Amino acid sequence: MRNKIIILLFSILYTLSTSGATKEPTKPALNIIPKPESVRILPGNFTLGEGTILLITGVDTDLVKNAISLSRIIRFARGPVIMNEEIKESKAITSFVELSITPKTDPLAREGYKIKVTKNKVTITSGGGPGLFYGIQTFLQMLPSEVCDPVTRSTFNNWKIPCCEIKDKPRYPYRGMHLDVSRHFFPKEFIKKYIDLISMYKMNTFHWHLTDDHGWRIEIKKYPKLTEIGAWRVDRENLPWMERPVPGPGEKATYGGFYTQDDIREIVAYANSKYVTIIPEIEMPAHCLAALAAYPELSCTGGPFYVAPGSYWPNVDIFCAGNDSTFAFLEGVLAEIIPLFPSRYIHIGGDEAEKSRWKTCPKCQSRMKSEGLKNEKELQSYFIKRIEKFLISKNKKLIGWDEILEGGLAPEATVMSWRGIEGGISAARQGHNVIMTPSPYCYFDFYQSDPSFEPKAIGGMTTLKKVYSFEPTPHELNPTQARFILGAQGNLWTEYISTPEHAEYMAVPRMIALSEVVWSPKKARNWDDFRERLDVQFARLGYLNVNYSKGSFRVDVKTYLDKATGTMKARLTSEQPGCQIRYTLDGNDPTGDSRVYEKPVDILKNSYLKAGIFVDGKLRGKLTERNILIHKASGKKVSYLQPYSYRYAANGDVTLVDGIRGTTDHRQDWLGFLGNDMDVVIDLKTPTPIKTVFVTFLHDPDKWIFFPDSVTFSLSSNGKQYHSVNEQRNDVSQKEKGPVIKLFSQTYPDTPARYIRVHAKNVGTCPSWHEGNGEPCWLFADEIVVY
Ligand code: ACM
Ligand code: ZN
């Protein structure tokens, strides 16, 4: 009964809003993810019912293929039927769905589509097979979620969809998801389900990480030991990944599995039917312990080796680059890989090669001499270039992780930027294609929510909202360079993921957020709107038996200066739409009776905020706590004379004056400067008497974070000439165990000033005793407090 009233009310509202043709309904009538480029809702509905037939215009293979798969999902009265004169003339046919392709050569036009829905007809047209497939995905998303229920969808349901016009095409040509099947083996059926998910959200690439230290997973007929030995390891699944002992003498290797070449052909064909390209990854020169266990003669030392049952780090044993038989072997492997995968690209890994063996190997050293290579990085570059030459001779293109930049890029290589966006920026500037997959946004093996409520993960924190905020094209690139960014990819490494259910939990819905990042126009991105549409997807994923995560139940706190009132306010948000947030400002734990958050809260004095999500009067998840200071610089403009890093950007430009103090958890509320100083100027807008300025820093050598060498404070009335310049030097040893927080301060006799400059000198690079010796280190600051 309640539903009826709501429907009635909705139709009245809808009629009111459309009959006068004044306003579109404020709520999206269509909950499509990824959001299409343009949607125009028109009056009226189309009903998919007992009389609806499926028509195709032409006999193009892609057209027929798509029509047949659609007719397997939805029951039509007839079809697919080829459009002809008789049908055109027929008065009896009053409801139909029509598919057509007008071939285009531009790849984005081949992936684009148009849908027009009128009262008696749905037409889906595209410039190519993939676009038609994506048009059908959109059409299916326009139908009720029950279209994903295998029982319901096979009956005639008189499903209604609003009349509309949709025009759509992808933003990026490369839209990928990766899966590591080496650290844990995943059955063929799951690989197909993963491909289903990729294609449902209009992604087009599956990057299949088939080989690593923990198992070789693809049959190679020329080298049978790769799977006889390399696919199996001693079963230590009952122990944590980092605590698994190496195999003892005589222990049987029983954990593992591999895909036969027939399996591969079956999966490639399946992916092809859904317009998903599979890029196989064969790791070299490192992450190859499983291959070396089978063929130890390909290493620098000759072995023996074992397939790693758990963490293998540092991964010192790698392919010998001085040995020609290594290249003969790899070319033999690739010669079997190439015909199995129609993809233009082959991924050769290239990441994390620990080169200590190369340094002491006579063959590697002699190769360096004969090829005139200055160091081991150049030897790696030689290795990759040699493999690229082979791939190009077979009409394939090479992709590698961003380490392939070191020692010089292979001439036509595409770079997959994972350690951040810097590798991608550098490659694009050199005119190389780039796929963005920076770990802070695209690693779905990282935590997605409070670790105390989540299954053990490798670390990190990549919330759904963070994935959704990702911008694949860095602003550092000019328009010409930006064209080298092909797109982005989500990566699912599986050290801590051993079952399909867990893999789904980690990948979904973060991959859905990423699908919108790579498909939809940049300006269409809107978190609140996305989060509402996602709830509709959750219903579908339920029917499809996908073990998705509901995301974080954490309350996020952001403070800002309300320009109208001049007061600081705290905005509380979460990933859960419509949830109830309760909070206190006095340090007490909120309860079911505490104040409910409705709008940004005034923070008029120093406060200790605690907030949580409440369901049925009970706290769900953990409380968020923030110590908020109010001072003379609160919310004021900060100019950055040297940039902070996007990786630890906290609350952006306002972080240093947002009042929110960091804790010993480096992942939140700290602004990070990588390798460079923190040099900032705060503009108080009016001359203000200054008594004290202090700034707090974090020190945590394990995280490569060090206190600054010194901090210099100065004041100015005009922002040009500075006075009262005072330097404070750091007196804490760099070896001091972290995390610790230290305050650097400067006092004044009520000196009036409008501008305050704070310049903290970064140590620059990690010290020689540190594991990061010579690499850029971090400087972390949370707040500059002015009294
Ligand atoms: C990687 O995560 N080692 C590419
Ligand atoms: Zn060697």
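The values are calculated or read from the model by the stated rules, or taken from the named source; none is laboratory data. Given the structure is predicted, the values throughout are model-derived calculations rather than measurements. Cβ sites come from the backbone with ideal geometry, for glycine too, and all protein chains shown count toward neighbours.
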request  = Report, by residue number, each residue of region 560-600 that is of a type in the set (A, V, I, L, M, F, W, C) and within 24 Å of residue 450 (Cα to Cα).
outcome  = 570, 572, 579, 581, 585, 596
note = So, first residue farther than 13 Å from residue 318 by Cβ in region 358-370, second residue part of a helix (DSSP H, G or I) and of a type in the set (Asp, Glu), Cβ within less than 8 Å, six or more apart or across chains; the pairs are 368/376; 368/378
inquiry  = I'd like the full set of residues that are touching a residue at least 60 places away in the same chain (Cβ under 8 Å) and hydroxyl-bearing (Ser, Thr, Tyr), limited to region 256-293.
reply    = 259, 270, 273, 275, 277
query = If you scan region 766-787, which residues turn out to be surrounded by fewer than 22 Cβ atoms within 10 Å (Cβ to Cβ), of a type in the set (A, V, I, L, M, F, W, C) and either free of Cβ contacts under 8 Å to residues at least 12 places away in the same chain or assigned to a loop (DSSP other than H, G, I, E, B) (or both)?
reply = 769
ask   = Counting just the residues of region 51-73 that are in a loop (DSSP other than H, G, I, E, B) and either modelled with pLDDT under 90 or in contact with a helix residue (DSSP H, G or I) (Cβ under 6 Å, 6 or more places away or on another chain) (or both), which one comes out surrounded by the most Cβ atoms within 10 Å (Cβ to Cβ)?
value = 58
message = Of everything in region 331-348, what is in a helix (DSSP H, G or I) and either closer than 17 Å to residue 388 by Cα or within 16 Å of ligand 1 (Cβ to nearest atom) (or both)? Give them in sequence order.
response = 331, 332, 333, 334, 335, 336, 337, 338, 339
task = Please indicate, with yes or no, whether at least one residue in region 349-356 is acidic (Asp, Glu), in contact with a His (Cβ under 8 Å, 6 or more places away or on another chain), within 16 Å of ligand 1 (Cβ to nearest atom) and in contact (Cβ under 8 Å) with a residue 40 or more places away in the chain.
result = yes
request  = Name every residue in region 104-146 that is in a helix (DSSP H, G or I), under 24 Å from residue 277 (Cβ atoms) and of a type in the set (D, E, K, R), in order of residue number.
outcome  = 110, 111
Options 446, 470; residue that is in contact with a strand residue (DSSP E or B) (Cβ under 8 Å, 6 or more places away or on another chain), in a loop (DSSP other than H, G, I, E, B), closer than 27 Å to residue 577 by Cα and away from ligand 2 (no atom under 16 Å from the Cβ) = 470
request  = Kindly list the number of the only condition in (1) within 30 Å of the chain's Cα centre (by Cα); (2) more than 16 Å from ligand 1 (Cβ to nearest atom); (3) buried (at least 22 other Cβ atoms within 10 Å of the Cβ) that fails for residue 227.
outcome  = (1)
key: Candidate set from region 330-356 (those that are over 23 Å from the mean Cα position of the chain (by Cα) and β-branched (Val, Ile, Thr)); member that is farthest from ligand 2 (Cβ to nearest atom)   = 338
task = Report, by residue number, each residue of region 362-393 that is assigned to a helix (DSSP H, G or I), exposed (fewer than 15 other Cβ atoms within 10 Å of the Cβ) and either in contact with a strand residue (DSSP E or B) (Cβ under 6 Å, 6 or more places away or on another chain) or among the small types (Gly, Ala, Ser) (or both).
result = 366, 370, 393
query = Limited to region 304-316, what total is found for residues that are free of Cβ contacts under 8 Å to residues at least 12 places away in the same chain and either away from ligand 1 (no atom under 16 Å from the Cβ) or surrounded by 23 or more Cβ atoms within 10 Å (Cβ to Cβ) (or both)?
reply = 1
message = On the basis of being closer than 27 Å to residue 423 by Cα, more than 31 Å from the chain's Cα centre (by Cα), within 16 Å of ligand 2 (Cβ to nearest atom) and surrounded by fewer than 24 Cβ atoms within 10 Å (Cβ to Cβ), does residue 359 make the cut?
response = yes
task = Say whether the condition of being at pLDDT 95 or above, away from ligand 2 (no atom under 16 Å from the Cβ) and within 28 Å of the chain's Cα centre (by Cα) is met by at least one residue in region 314-328.
result = no
message = As an exercise: evaluate residue 319 against (1) farther than 30 Å from residue 455 by Cβ; (2) surrounded by fewer than 23 Cβ atoms within 10 Å (Cβ to Cβ); (3) not small (Gly, Ala, Ser) and give the number of the one condition it does not meet.
response = (2)
ask   = How many residues does region 229-287 hold that are assigned to a loop (DSSP other than H, G, I, E, B) and in contact with a helix residue (DSSP H, G or I) (Cβ under 7 Å, 6 or more places away or on another chain)?
value = 7
Any chance residue 328 is away from ligand 1 (no atom under 15 Å from the Cβ), free of Cβ contacts under 8 Å to residues at least 12 places away in the same chain and assigned to a helix (DSSP H, G or I) = yes
Of all residues making up region 534-589, the number that are charged (D, E, K, R), surrounded by fewer than 15 Cβ atoms within 10 Å (Cβ to Cβ) and over 30 Å from residue 152 (Cβ atoms) = 5
message = Is it the case, given these coordinates, that residue 530 is at negative phi and either out of contact with any strand residue (DSSP E or B) (no Cβ under 6 Å at 6 or more places or on another chain) or crowded, with 23+ Cβ neighbours inside 10 Å (or both)?
response = yes
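Let's see how each residue does on (1) at pLDDT 95 or above; (2) touching a Lys or Arg at 6+ places or on another chain (Cβ under 9 Å); (3) within 17 Å of residue 544 (Cβ to Cβ):
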{"site": "150", "(1), (2), (3)": "no, no, yes"}
{"site": "153", "(1), (2), (3)": "no, yes, yes"}
{"site": "156", "(1), (2), (3)": "no, yes, no"}
{"site": "160", "(1), (2), (3)": "no, no, no"}
{"site": "164", "(1), (2), (3)": "yes, yes, no"}
{"site": "167", "(1), (2), (3)": "yes, yes, no"}
